[in-house]
Amino acid sequence: MDYKDDELKRLVTRFWDGESTLEEEKALKDLVAYGNLPEAYDDLAAYFESMGALSDELTLDSSFDDALLEKIDQSEQTNVRSLVKPRFIWAAAAAVVMAFCFVLFKAPNETPNMAASNQETYSKEELQAAFEQTQAALLLISSKMNNATTHADQLNKFHEATVRVKSRK
Amino acid sequence: MKKNILLAAAMMMSFATFSQDVIERFFNELNNDEQVTKVSISSKMFELFMHIDSEEADEKELLETVSKLKGMKILIKDGVTNGEQLYKSAIKKPSADYEVLMTVEDDVEDLTFFIREENGVIAELVMIAGGKDNFVLLSLIGEIDLNQISKLSKSMNIEGMDNLEKIEQR
């Protein structure tokens, strides 16, 4: 494509200002490649040539991809170890603490024998025997409690009698 | 973060240990003592008591009391010479959760009732009695109505020591 001087000037200015489109940039590169760019724009030609040389130098061979993929694999494995392991440890620790607390809170009201007996079914005789023992124990508590209350009543009566005698005096 | 979790876990464990059943601890102390008679009635057994048919009024009253209970443990040591010592040792065992309900000390026997309250309801009643030749430790767990328990011996007209013998014979 042939450009008039003012058009070329405007295009080069747009390029240096970073406002040129890809098509415009390609047109400028073609001008440089075919030697159609006036000498006044040697700096632009030098720039494109240096960029072309640099891009050749920066071309990566296939070993870079292999090395990069290997690094990514290693990184993923390390991440798995660093995330999963602590989670597992804390989950296990939490489970142990919860189990310990459950045993302590739940077990006090039951001896091991009682816990085992819960799984069993009881015969009528065993049930009756247990009921009689419970009855006996409750009556024991009841009578002891009433004895204690009787003591307290006697003390009350004594106190009331003392107050009455004192009031007569 | 980890330190906080460990601290919380340690606090939970210490609290759990503190609130462990004091009676259970005393049971364990006398575990290998052959002179000791131990009776434990589980909550499951109390549930089964509800299937017992009874037509007598006093037994019905008893069943009503029993229906609210969830566990019972009795420890009896008879024919001992240190019943009073055991009593003195036992009354020191209950933790701050337990309050003394009443104490009677006479020349025959010393007796203390402890209660543990939960939300304004008596959740445990512990009776510790020690005489010259006997020692009794009894724990009732569940919803406990003291008036109802007090009525039982009056309606059945049975003395406490008769009941003790009844348990010991089993």
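Inverting the mean 1/r over all pairs of different Cα atoms, compute the Kirkwood radius of region B:21-168 and quote it in Å. It would help to have the intermediate numbers written out before the result.
Details: mean 1/r = 0.0618 Å⁻¹.
It is 16.2 Å.
Report in % the part of the accessible area of region A:5-59 that belongs to carbon and sulfur, leaving out ligands and nucleic acids; probe 1.4 Å. Intermediate results must be reported in sequence, preceding the final value.
Working: 2060 of 4010 Å².
Carbon and sulfur atoms account for 51 percent of the accessible area of region A:5-59.
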Legend entry - Percent of Cα-Cα distances greater than 17 Å, calculated over region A:5-59: 33 percent
Legend entry - Links that overshoot a 25 Å alpha carbon limit, given the list B:68/B:88; A:4/A:29; A:144/B:77; A:144/B:44; A:124/B:44; B:73/B:151: B:68/B:88; A:144/B:44
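When you look at the Cβ of every residue in A:125-132, what mean number of other chain Cβ atoms sits within 10 Å? Don't jump to the answer; show the numbers that get you there.
Values: counts 0, 2, 5, 2, 1, 10, 11, 3.
That works out to 4 on average.
Taking every residue in B:42-51, how many Cβ atoms of other protein chains lie within 10 Å of its Cβ, on average? Don't skip to the answer; put the middle values down first.
Values: counts 10, 4, 9, 10, 3, 1, 6, 6, 0, 2.
Taking the mean over all residues of the peptide, I get 5.
Shielding by partners for B:79-88, please: the mean number of other protein chain Cβ atoms within 10 Å of each residue's Cβ.
The mean count of partner-chain Cβ atoms within 10 Å per residue comes to 0.
Could you state how much accessible area is buried at the A-B interface, both sides summed, with a 1.4 Å probe, in Å² to the nearest 100? Write out the running numbers ahead of the final one.
Numbers: alone 15040 and 11310 Å², together 21840 Å².
Separately minus together, A and B give about 4500 Å² buried.
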Legend entry - Segment residue A:10-residue A:156, length gained on full extension (0.36 nm per residue, minus Cα span): 40.6 nm
Inset, instruction - List the relative contact order of region B:21-168 as a percent without decimals, with contacts defined as Cα pairs under 8 Å and 6+ residues apart. - result: 24 percent
Inset, instruction - Using label points projected 7 Å from each Cα along Cα→Cβ, tell me how many nm separate residue A:69 and residue B:32, to one decimal. - result: 7.0 nm
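The values are calculated or read from the model by the stated rules, or taken from the named source; none is laboratory data. Just so you know, these numbers come straight off a predicted model, no measurement behind them. Note that each Cβ is placed from the backbone with ideal geometry, even for glycine, and that neighbours are counted across all protein chains shown. Just so you know, the surface numbers come from the protein's heavy atoms only, side chains and all, with ligands and any DNA or RNA stripped out. Shrake-Rupley method; radii C 1.70, N 1.55, O 1.52, S 1.80 Å.
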